[in-house]
1. Give segment 145-170 a look and list any residue that's under 18 Å from residue 209 (Cβ atoms) and open to solvent by less than 30 Å² (accessible area, probe 1.4 Å), or say none.
2. Within segment 189-204, how many residues turn out to be touching a residue at least 12 places away in the same chain (Cβ under 8 Å) and of a type outside the set (A, V, I, L, M)?
3. Any chance you could count how many residues in segment 172-196 are farther than 12 Å from residue 155 by Cβ and either open to solvent by 20 Å² or more (accessible area, probe 1.4 Å) or in contact with a His (Cβ under 8 Å, 6 or more places away or on another chain) (or both)?
4. Need pairs with beta-carbon distance below 7 Å; first residue closer than 13 Å to residue 221 by Cβ and of a type outside the set (Asp, Glu) and within segment 93-118, second open to solvent by less than 100 Å² (accessible area, probe 1.4 Å) and at pLDDT below 80; sequence gap 6+ or separate chains.
5. Of the conditions (1) touching a helix residue (DSSP H, G or I) at 6+ places or on another chain (Cβ under 7 Å); (2) modelled with pLDDT under 85; (3) surrounded by fewer than 18 Cβ atoms within 10 Å (Cβ to Cβ); (4) not in a loop (DSSP other than H, G, I, E, B), residue 248 clears all except one; give me its number.
6. Kindly indicate whether any position in segment 56-68 is closer than 26 Å to residue 213 by Cα, at pLDDT below 85 and open to solvent by 50 Å² or more (accessible area, probe 1.4 Å).
7. Would you check if residue 94 is in a helix (DSSP H, G or I), among the β-branched types (Val, Ile, Thr) and open to solvent by less than 70 Å² (accessible area, probe 1.4 Å)?
8. When you look at residue 112, is it within 23 Å of residue 168 (Cβ to Cβ), outside any helix (DSSP H, G or I) and open to solvent by less than 70 Å² (accessible area, probe 1.4 Å), yes or no?
Amino acid sequence: MSNTPFPDRPHVTPVGKKAIPAFFGGLWRLAVVWFAWPLTNLIVWLQEHLRFPKWAGGDLREFAMRLWGVAWLAFVWVLLWGEITWANTVAGIVLAIIVMTVLPLPHVPVEGRVHPLAALKLLLTLIGNFVVSSAQVAWAAIKPGPPPLGAVVRVHVAIKSDLVLTLAVDYINLVPGTMVVEIDHLRRMLYVHIFDVSKQSQIDSFFRQMAYVERQFIKAFERDSEWQPSPFHGIDDDYHHVPFSDRQRVADEERRTSRRLLRRRKEDR
């Protein structure tokens with residue numbers, strides 16, 4: 001007798017399971033089982049059993065970071081020469097090792113977690129802002145009338161991590177029409193030059209965009225529920241000079257945005 005319940009009944013395919021999504025779903029599971037899991041076990045085993053000399057970083061992670069730095073500097077060196085030869089490659093590796101040894105960069109504290117979907121949304125938003133802002137700057141350059149009125153505006157952000165703050169500044173600088181000219185590290189204040197502030201609506205739009213960027217970077221990289229200060233830092237709020245009220249402001253804005261989206265969906269139905 002079979003142990004399978006109801007063996008005489010045919011297997012029913014779940015409703016909504018299409019062939020292509022099911023195929024890629026199975027492929028993803030196989031990749032996790034047969035590749036990602038053994039690779040993770042191998043990395044953990046190497047981390048526990050391998051011992052690296054101090055000049056190589058002392059552990060696997062630091063050694064991998066230094067190896068990546070040497071490879072990147074050597075790649076840039078070959079690009080500068082414009083020709084891939086053994087001499088350029090070897091010279092680039094030697095110079096990269098000298099630079100990494102004589103002029104080591106300070107440790108960059110990594111805090112929080114990366115959320116791929118939120119980071120992807122942030123990237124797509126950056127592309128959209130880039131296209132729209134490029135068109136606005138191009139039109140301002142050719143349209144008749146007085147030149148645009150630029151200004152430097154101060155913006156306070158509630159981003160705690162120095163690494164995430166650097167990414168946010170790069171995001172702002174990549175969008176045409178905005179440029180961060182100064183950063184007040186202690187007060188978490190950004191001084192941003194805006195291309196055109198001749199209308200109040202343009203200033204309001206800029207502040208809405210900055211609030212969105214601040215909210216999305218926190219959502220993608222440093223959510224409060226997953227925040228773990230780096231051992232290179234002390235108490236996070238005291239070190240980063242970000243009071244709880246600022247983080248609460250971002251959280252409240254995120255909740256208000258979610259409620260507005262939910263209300264719109266109900267109205268559309």
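The values are calculated or read from the model by the stated rules, or taken from the named source; none is laboratory data. All of these numbers come straight from a predicted model, not from anything done at the bench. Note: ideal-geometry Cβ built from the backbone for every residue, glycine included; neighbour counts use all protein chains shown. For accessibility, only protein heavy atoms count, side chains too; no ligands or nucleic acids. Shrake-Rupley method; radii C 1.70, N 1.55, O 1.52, S 1.80 Å.
1. 153, 155, 157, 158, 159, 164, 165, 168, 169
2. From segment 189-204, those touching a residue at least 12 places away in the same chain (Cβ under 8 Å) are 189-198, 203; that's our starting set.
With of a type outside the set (A, V, I, L, M) added as a condition, the list becomes 191, 193, 195-196, 198.
Number of matching residues: 5.
3. The first filter runs over segment 172-196 and keeps only residues farther than 12 Å from residue 155 by Cβ, leaving 173-177, 179, 185-186, 195-196.
When the remaining residues are screened for being either open to solvent by 20 Å² or more (accessible area, probe 1.4 Å) or in contact with a His (Cβ under 8 Å, 6 or more places away or on another chain) (or both), the result is 173-174, 176-177, 179, 185-186, 195-196.
Of the residues in that region, 9 qualify.
4. 109/230; 109/233; 110/230; 112/226; 112/227; 113/226
5. Here residue 248 meets the rest and fails (1).
6. So in segment 56-68, the residues closer than 26 Å to residue 213 by Cα come out as none.
Within segment 56-68 (the criterion being closer than 26 Å to residue 213 by Cα, at pLDDT below 85 and open to solvent by 50 Å² or more (accessible area, probe 1.4 Å)), the answer is no, since none of the residues qualifies.
7. So residue 94 does not fit the description; no.
8. For residue 112, the condition - within 23 Å of residue 168 (Cβ to Cβ), outside any helix (DSSP H, G or I) and open to solvent by less than 70 Å² (accessible area, probe 1.4 Å) - is met.
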